[in-house]
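K.L.:
Here's a structure for you.
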Amino acid sequence: MSLKSVRTDLAQRAPDLSIIVTERSTATVEEAAATHNVEPNQIAKTLGVKVGSGPQAKTVLIVMAGTKRLDNRLTKDALGGRPRFLNGEEVLALTSHPPGGVCPFGLSEPLPVYCDESLRAFNIVIPAAGATNASVMLTPARLAELTSAEWVTVTS
């Protein structure tokens, strides 16, 4: 279902983009980089994160360069609260995408998307496309445009 929702979404909003489905797994940054013959930071990993606590908490997706790590202080400064990673079941329920295939496209419900500045170091980035063997290649600017993402600095 998830790959299908990404196909439908991109066919409507970005028909020029092709989803790349491979025989090999692209579920981890290392696997995706090897499969696409790019450096690991060109893999645009998508994290499901709850920011803040209590009634003010919000759930967001953060897309960042593959080997970068979320910095708690920078995230709190940029998004207004301390981040907590969602577990695999929460991410699947929220996005319809399995761990290893999570992306900001074809979501089951709209979510705020933030793109980390680390992505801007590359002409092309490769996020997953809703399955553990599916990806899409695009520029960081196009990724942000298609997801209505806000650019933030949340990695160090």
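The values are calculated or read from the model by the stated rules, or taken from the named source; none is laboratory data. Given the structure is predicted, the values throughout are model-derived calculations rather than measurements. Because the Cβ atoms are built from the backbone with ideal geometry, glycine has one as well, and the counts that use them run over all protein chains shown. Please note that ligands, DNA and RNA were not included when accessible areas were found on the heavy atoms of the full protein model with its side chains. Shrake-Rupley method; radii C 1.70, N 1.55, O 1.52, S 1.80 Å.
K.L.:
Working only within the range 1-40, note down all residues that are assigned to a helix (DSSP H, G or I) and in contact with a helix residue (DSSP H, G or I) (Cβ under 7 Å, 6 or more places away or on another chain).
P.N.:
Once the filter is applied, which keeps residues that are assigned to a helix (DSSP H, G or I) and in contact with a helix residue (DSSP H, G or I) (Cβ under 7 Å, 6 or more places away or on another chain), the range 1-40 yields Arg13, Val29, Glu30, Ala33, Pro40.
K.L.:
On to the next question. Val154: over 18 Å from Gly48 (Cβ atoms), in contact (Cβ under 8 Å) with a residue 24 or more places away in the chain and surrounded by 21 or more Cβ atoms within 10 Å (Cβ to Cβ), yes or no?
P.N.:
So Val154 fails the test.
K.L.:
Any chance the range 101-116 includes a residue that's touching a Gly at 6+ places or on another chain (Cβ under 9 Å), open to solvent by 40 Å² or more (accessible area, probe 1.4 Å) and at pLDDT below 95?
P.N.:
no
K.L.:
Go through the range 117-148 and report how many residues are part of a loop (DSSP other than H, G, I, E, B), open to solvent by 20 Å² or more (accessible area, probe 1.4 Å) and of a type in the set (A, V, I, L, M, F, W, C).
P.N.:
Within the range 117-148, residues that are part of a loop (DSSP other than H, G, I, E, B), open to solvent by 20 Å² or more (accessible area, probe 1.4 Å) and of a type in the set (A, V, I, L, M, F, W, C) number 3.
K.L.:
Counting only residues that are assigned to a loop (DSSP other than H, G, I, E, B) and within 17 Å of the chain's Cα centre (by Cα), which one in the range 71-90 is surrounded by the most Cβ atoms within 10 Å (Cβ to Cβ)?
P.N.:
Leu86
One line per residue, one yes/no per condition, for (1) crowded, with 21+ Cβ neighbours inside 10 Å; (2) within 18 Å of Ala149 (Cα to Cα); (3) touching a strand residue (DSSP E or B) at 6+ places or on another chain (Cβ under 6 Å):
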position	(1), (2), (3)
Thr28	no, no, no
Ala32	yes, no, yes
Asn41	no, no, yes
Val51	yes, yes, yes
Ala57	no, no, yes
Val63	yes, yes, yes
Thr67	no, no, no
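K.L.:
Moving on. Within the range 1-26, how many residues are among the hydroxyl-bearing types (Ser, Thr, Tyr) and open to solvent by less than 40 Å² (accessible area, probe 1.4 Å)?
P.N.:
Result for the range 1-26: 4.
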